[in-house]
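Student: First the structure, which I've put down as structure tokens, then a few questions once you've had a look.
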Amino acid sequence: MNFQTNFSRLNSLKAALAVAALARVFDVSAQDHGHLYISAQSQQGGAQLYFDNGGIFDLASGYVKTLLFNTNAASRYVSRYDGNITITPRSTNTLRGADYGPNAAAPGSVIYCQITRVDGPLGGAFEFWENTGSEPALSIPVGNGPTNLVKFSQSTGAPGDDPWGHIHGRRFTATAPGIYRVTFRAFELSTNGPAGGPIHAPSEPITIAFQADFAITSIARTNNLATVKFGTAVTHDFTVQASTNLLSSNSWVNISAKLRGNDYFQTVQDPNATGAAKFYRVLVEPFVP
């Protein structure tokens, strides 16, 4: 059976024209919830850094961060897909509120982060922007990495300084639609450790899924059962439709109820995947409370 898919968007007035395309299968799962925190296993010299809430971001969690296409001519991100996760080294200061962590890196630590790998749509690039500047600080073509390291601590690196950093206005963008798997790793690069080197060992890598615009990620079939997997966002609702005839605009039928997005990949099953060909699309409309 020949399975194809398209992803069509609804605005508040009308549905955009859906264009069929072959489904592309990406081995991805994951998404963001605001801040990705960096801590340390202990404050002893040589203790390893880690992403302490990484379990809600990594591929195994099913999370996906949505980057939406920017059409604002006055924006520095115009004609790119943009969004953000704020990478935040934990603070040793209890007055920092949610940014405080009992497992914060040792005082005097200076935390950096690196993008070590980008996988995604052919010809696309994943980018990081500082909070100022008209061009991305890093632009990594799909299939490439690692990049230069970016400092996330706001300290000067003096002994005893709080390793905390919480910098707003930074941004991630993508240049082409599709699913990106982006791998990050944290480093501590102060000179306050043994022999004037770092205090902490680098973290293990974490891979996070980003979707540039909404995307069907895969269609799998077992006998007459097709499973459609797609990325969602809490700001939108999603309805999966199927058709056996792309030439007829009236042939699309709902195979799911309207589903509330939740910033995770979701799946819908079609138990009637019969015939020589069947096509799938997901209609997307803004969530209205």
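The values are calculated or read from the model by the stated rules, or taken from the named source; none is laboratory data. Predicted, not measured: the structure shown is a model, and the values here were computed from it. Please note: Cβ atoms are built from the backbone with ideal geometry, for glycine as well, and neighbour counts cover all protein chains shown.
Student: Suppose we filter F187, F126 for residues that are within 17 Å of the chain's Cα centre (by Cα) and either crowded, with 17+ Cβ neighbours inside 10 Å or not in a loop (DSSP other than H, G, I, E, B) (or both); which single one remains? Walk me through it before giving the result.
Tutor: Numbers: F187 fails: within 17 Å of the chain's Cα centre (by Cα).
Within the list F187, F126, the selection yields F126.
Student: Name the single residue that is farthest from the chain's Cα centre (by Cα) among those in segment 236-279 being among the β-branched types (V, I, T) and modelled with pLDDT under 95.
Tutor: Within segment 236-279, the first condition is being among the β-branched types (V, I, T), and the residues that meet it are 239-240, 244, 253, 255, 267-268, 274.
Keeping just the survivors that are modelled with pLDDT under 95 gives 244, 274.
Working: T244: 33, T274: 34 Å.
Only one residue fits best here, namely T274.
Student: Could you count how many residues in segment 36-52 are touching a Leu at 6+ places or on another chain (Cβ under 7 Å) and part of a loop (DSSP other than H, G, I, E, B)?
Tutor: 0
Student: From G178, G231, G145, which residue is assigned by TED's automatic domain parsing to the domain that holds T86, in contact (Cβ under 8 Å) with a residue 24 or more places away in the chain and under 30 Å from K278 (Cα atoms)? Lay out the reasoning, then the answer.
Tutor: Numbers: G231 fails: assigned by TED's automatic domain parsing to the domain that holds T86; G145 fails: under 30 Å from K278 (Cα atoms).
Criteria check complete, one pass: G178.
Student: Among the residues that make up segment 256-263, is at least one of them of a type in the set (S, T, Y), in a loop (DSSP other than H, G, I, E, B) and more than 30 Å from G157 (Cα to Cα)? Full working, then the answer.
Tutor: Of segment 256-263, the ones of a type in the set (S, T, Y) are 256.
Now narrow it down to the ones that are in a loop (DSSP other than H, G, I, E, B): 256.
Cutting the leftovers down to more than 30 Å from G157 (Cα to Cα) gives us 256.
Within segment 256-263, one or more residues are of a type in the set (S, T, Y), in a loop (DSSP other than H, G, I, E, B) and more than 30 Å from G157 (Cα to Cα).
Student: Another question about this same structure. For A104, are the conditions met, namely being crowded, with 20+ Cβ neighbours inside 10 Å, assigned by TED's automatic domain parsing to the domain that holds G197 and over 23 Å from D213 (Cβ atoms)? Let's see the steps before the verdict.
Tutor: Numbers: crowded, with 20+ Cβ neighbours inside 10 Å: yes; assigned by TED's automatic domain parsing to the domain that holds G197: yes; over 23 Å from D213 (Cβ atoms): yes.
Considered against the rule, which asks whether it is crowded, with 20+ Cβ neighbours inside 10 Å, assigned by TED's automatic domain parsing to the domain that holds G197 and over 23 Å from D213 (Cβ atoms), A104 comes out as yes.
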